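Below is one structure, written out as structure tokens; comments come after it.
What follows is calculated from the coordinates using simple rules that are stated; it is not laboratory data. Just so we're clear, the structure is a prediction, and the values are computed from it rather than from any experiment. Cβ atoms come from the backbone with ideal geometry, glycine included; neighbour counts cover every protein chain shown.
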Amino acid sequence: MICGHDLVKGLAEAGATHFLWVPDSAMGQWEEALRTGPLRLVRATREGESIGIAGGLLLGGLQPVVAMQCTGFFEAGDALRNIVHDLHLPLFVILGLRSYQAYRSGRTTDSCPIFVEPILCAWRLPYVVLDIQHTAGDIVDHYKRAWAEQKAFVVCLPE
Amino acid sequence: MDHKAALEVIALHRGERIVISTMGSVGVWSEVSQSPLDFAYLPSSMGQGPALAMGLALAHPQRGVIALVGDGSLLMNLGVLVTIAEQKPRMYLVLIDNGAYEITGGQPVPGAGVVDYTMIAKGAGIARTYRFDTLEKWMAGSQEALHGLGPVFIWLKVDYRPGQGTPRAPFPMDEQIRRLRVALGISQ
């Protein structure tokens with residue numbers, strides 16, 4: 001379970017300025033931390049839109065973090081392709097993997113988990129899949145590393 | 001009104017604001033302005049121009065951003081109007097409405113000639129909206145529309161230009177980003 005307050009505090013201390021999201025039911029628990037924390041929260045209407053806004057912030061010298069569920073990630077492919085591979089901007093995404101834990105134990109027919117990793121690979125996005133033992137600090141560490149290297153990166157949170 | 005004449009009016013008023021051009025406006029804008037504060041969003045993700053402009057406007061609220069967006073592009077992500085209204089960036093979203101997908105051969109966009117874009121923008125929560133159908137009215141109203149607090153939504157009805165090819169950005173993307181960042185004082 002990722003603590004929203006720890007995550008927001010850690011990302012802000014690492015230099016992040018904005019948090020753009022379309023929440024899912026797991027990341028939605030971070031709402032209060034985001035609403036009251038030091039990052040500027042931008043609620044997007046669609047996941048591709050959140051990536052476009054993040055692209056503008058990055059162009060303008062700021063440091064956004066984008067969060068979405070894998071369903072929205074599937075929709076956002078063209079925006080993601082453009083910002084990462086045409087504009088070469090270091091987009092950082094926190095991605096909720098719907099039904100992933102149930103899928104690994106054979107308890108779901110949801111097709112989302114089947115496609116997430118192949119699509120991440122198809123878009124040539126470096127990523128890591130965390131497990132339930134990981135903490136907010138692990139996400140922050142990945143953020144720091146990605147920003148230092150000025151590379152796009154995706155942290156996947158199994159749900 | 002003529003597309004180029006409409007953009008020449010914007011060039012007179014843009015001051016030190018960033019101007020983001022998309023799709024069919026890329027080539028036209030580069031004929032009327034060569035500022036390092038111009039950003040031709042090509043190669044693009046069609047429909048993401050307003051979102052990109054909004055991000056830049058949030059990053060540089062004192063300077064502000066003018067975004068030139070086609071009707072086909074805006075229709076791909078109408079939801080961004082709601083996000084713009086909520087975040088209130090200093091942004092002037094100029095809709096260049098020719099009623100058609102100009103680059104692909106002039107097929108009409110959905111709802112061409114029927115959709116009321118200022119009503120949609122106002123309904124999304126953008127308080128300042130304008131519509132200009134003729135160059136004369138645009139010239140007369142541009143001073144008010146292009147100044148003051150954002151966000152502002154400006155709907156310009158322009159003539160469809162048959163035979164337009166795929167637009168080309170004046171510089172490669174990496175060079176555009178470098179020029180813009182230097183002009184913004186972000187990098188050397």
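Quick notes on this structure:
- Shape class for chain A: oblate, because the ratio a/c of the largest to smallest gyration tensor axis (alpha-carbon atoms, square roots of eigenvalues) is 1.5 or more and b/c is at least a/b.
- Of the peptides B:40-46, A:103-109, the ranking by mean beta-carbon count within 10 Å, highest at the top, reads B:40-46, A:103-109.
- Per-residue Cβ neighbour counts within 10 Å put B:Ser25, A:Ser25, A:Ser99 in the sequence A:Ser25, A:Ser99, B:Ser25, beginning with the fewest.
- Distance between the modelled labels on A:Arg124 and A:Ser25, one decimal in nanometres: 3.7 nm (7 Å Cα→Cβ projection).
- With each label modelled as a point 7 angstrom along the Cα→C-beta vector, the B:Asp133-B:His147 pair spans 2.8 nm.
- Antiparallel bridge percentage (DSSP; both residues within the range B:12-167; nearest 5): 10 percent
- For the pair the range B:40-114 and the range B:142-184, the centres of their Cα atoms are 10 angstrom apart.
- Among the listed pairs B:Lys88/B:Lys137; B:Lys88/B:Lys157; B:Lys4/B:Lys122; A:Lys151/B:Lys122, those with a Cα-Cα distance over 30 Å are A:Lys151/B:Lys122.
- Anisotropy class assigned to chain B is rounded, per the alpha carbon gyration tensor with a/c under the 1.5 cut-off.
- Report note on the peptides B:121-132, A:121-132: ranked by the mean count of other C-beta atoms within 10 Å, highest first, their order is B:121-132, A:121-132.
- Applying 1/(1 + (r/R0)^6) with R0 = 41 Å to the Cβ-Cβ distance of B:Met119 and B:Arg181 gives a FRET efficiency near 0.65.
- Modelled this way, with points 7 Å down the Cα-to-C-beta line, the labels at A:Glu32 and B:Thr104 are 4.7 nm from one another.
- Charge dipole of the range A:46-159 about the Cα centre (unit charges at C-beta), most positive-ward option of A:Leu130, A:Phe73, A:Gly60: A:Leu130
- With contacts taken as Cα pairs under 8 Å and at least 6 residues apart, chain A reaches a relative contact order of 26 percent.
- Protection-proxy order for peptides B:8-15, B:52-59, each taking the mean of Cβ atoms within 10 Å per residue, highest first: B:52-59, B:8-15
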